[in-house]
Every structure is written in C-alpha cells, then in structure tokens.
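Notes follow once the structure below has been shown.
The values are calculated or read from the model by the stated rules, or taken from the named source; none is laboratory data. From a predicted model like this one, the values you see are computed outputs, not experimental measurements. Here the Cβ is made from the backbone with ideal geometry for all residues, glycine too, and neighbour counts use every protein chain on show.
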Ligand code: BTN
C-alpha cells in the first residue's frame with residue numbers, strides 16, 4: 001500500500017504514553033487493559049525495556065533509545081477469536097509497509113507468521129496478546145519491536161538487522177514512530193472494512209519464501225525440502241514437499257533453514 005492511500009483521521013498513537021525504563025510495554029499495556037479501558041489506539045512506548053518479551057517465552061533485547069519498542073491497545077470486537085490471524089496479517093503488513101517506505105530498494109518480506117525480514121535478516125518482531133471473552137476478541141495488545149538505529153547486536157540473536165545498518169545512516173526515531181502509526185491505522189481500517197481478501201493476497205505476495213523451494217525442519221527433527229503454498233485461515237502454514245504432499249504447521253512446529 002502506498003502511503004498516499006492512507007486515510008485520515010489517524011487514531012493509533014493519538015494517545016501516546018511515553019515511558020523511560022519499564023520491564024515490558026506489553027506487560028504494561030496488559031496491566032492497563034485488565035484494570036481500565038484505555039482509548040482504542042493507545043500506544044505505550046519505552047526508551048528501554050529491562051525484560052522485553054519475545055514470542056513463546058523468548059526475550060527481546062533492544063539498546064536504550066535506539067529502536068521502536070511499543071505496544072498498541074486495540075478492541076477488534078468485530079473479530080472472532082478463531083480469526084485472530086487476520087489481525088496478525090494486518091499488523092505484519094503495516095510493519096512491512098513502514099520498513100518498505102524507508103528501504104524502497106530492498107527486498108522486504110514477512111516471515112510467517114509475523115517477523116519482518118530484509119533479505120535474510122530480521123528487522124522486526126511482533127507479539128500479539130489477546131484477551132478473549134468466549135469466542136470473541138475483547139482486547140488485543142500488539143507489541144512491536146522494530147530495529148532502527150542499533151548497529152550491533154548480542155551474538156545470541158540470530159540474523160538481526162536495523163534500518164540504520166541497511167541505509168548506512170541514522171534515522172529520526174519519532175519519524176518512524178509516526179509512520180508506524182499511519183501504517184497501522186491504515187491496515188487496521190482495512191480489517192474493520194472487512195477487506196480480508198486484499199489483506200490475505202497482499203500477505204501472500206509479501207511472504208518470505210512463498211512459492212520457492214527451501215529446506216525446513218519439522219517438529220520431529222526431520223529435514224525436508226518444501227515450498228510454501230499458502231496459509232490457512234487460522235494461521236497454519238502450508239508447505240508442499242517433493243512428493244506433492246501438503247503439510248500444515250502451527251507456529252514453532254517448523255523451522256526455516258536460513
Ligand atoms: C518476537 O519474538 O519476534 C516478538 C518480539 C516483540 C518485541 C516487542 S518490543 C515491544 C513489546 N514489548 C515487549 O515486551 N515485547 C514487544
């Protein structure tokens with residue numbers, strides 16, 4: 001989506017709580033929604049997280065004041081709990097839009113389910129935490145870690161990169177935050193408008209390794225050559241193997257060999 005397509009008024013980021021050091025913006029936002037009802041689109045950002053959370057119990061490290069570390073509170077009550085992956089796609093595309101706008105000549109992809117990659121390196125991660133009421137989504141906290149000005153990373157972080165590494169120049173953090181809020185508002189509006197076909201086709205068009213043969217390892221530690229052929233409505237990744245068999249994987253059931 002081109003930035004000129006953005007519809008105003010924006011509402012994500014209208015309320016923005018800027019904090020210096022906290023353990024985790026996701027944890028802070030989850031505490032907020034458990035105690036009150038902040039305005040939809042409220043953003044909590046931190047200069048530094050002492051206990052940043054990654055997916056599946058992992059951690060997220062980010063040098064102080066270098067990168068985007070924020071969480072956004074949304075109430076997508078129009079979505080069924082089983083359709084959460086639609087929100088995941090919309091948010092991944094929004095972050096993809098931001099990175100692409102700053103790196104127009106680079107190969108930017110969404111690595112299933114929601115990492116954003118520049119070539120074979122990870123520039124952003126997303127942690128979505130939903131509060132459900134029965135089969136409905138009541139509220140969602142969307143945590144985004146987007147590497148902006150960090151030039152070096154701890155050795156145990158696999159294949160990281162940042163906008164500054166890719167551009168060889170530092171960026172104004174606030175400018176990237178503003179762009180992120182625009183892109184998130186825009187993609188979230190698409191979801192509200194039930195433009196799900198467009199979200200899905202754009203997600204597939206920008207999916208890392210879509211329709212290409214690569215090596216994967218499954219949860220039984222079996223390595224195989226496969227080709228991503230799609231994603232199921234509930235988010236399962238579909239990989240065809242060389243025998244023509246279509247295998248479906250939940251998150252963490254398959255490892256990409258990079
Ligand atoms: C991943 O593992 O790829 C997801 C990383 C998500 C990190 C962000 S940083 C802001 C927000 N607060 C957290 O504690 N985690 C998310």
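Tabulated results
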{"item": "From the options 45, 34, 71, residue that is touching a strand residue (DSSP E or B) at 6+ places or on another chain (Cβ under 9 Å), more than 18 Å from residue 153 (Cβ to Cβ) and part of a helix (DSSP H, G or I)", "result": "34"}
{"item": "Among (1) within 13 Å of the ligand (Cβ to nearest atom); (2) surrounded by fewer than 21 Cβ atoms within 10 Å (Cβ to Cβ), the one test that residue 143 misses", "result": "(2)"}
{"item": "Condition check for residue 243: exposed (fewer than 13 other Cβ atoms within 10 Å of the Cβ) and under 26 Å from residue 84 (Cα atoms)", "result": "no"}
{"item": "Residue selected from segment 96-140 under the condition farther than 13 Å from residue 84 by Cβ and at pLDDT below 95, by the criterion farthest from the ligand (Cβ to nearest atom)", "result": "134"}
{"item": "Test: residue 161 is more than 13 Å from the ligand (Cβ to nearest atom) and either loosely packed, with under 14 Cβ neighbours inside 10 Å or free of Cβ contacts under 8 Å to residues at least 24 places away in the same chain (or both)", "result": "no"}
{"item": "Residue list for segment 205-237, filter: under 23 Å from the mean Cα position of the chain (by Cα), within 27 Å of residue 106 (Cα to Cα) and surrounded by 16 or more Cβ atoms within 10 Å (Cβ to Cβ)", "result": "206, 207, 208, 209, 210, 216, 227, 228, 230, 231, 235, 237"}
{"item": "Which numbered condition residue 233 fails, given (1) in contact (Cβ under 8 Å) with a residue 60 or more places away in the chain; (2) in a helix (DSSP H, G or I)", "result": "(2)"}
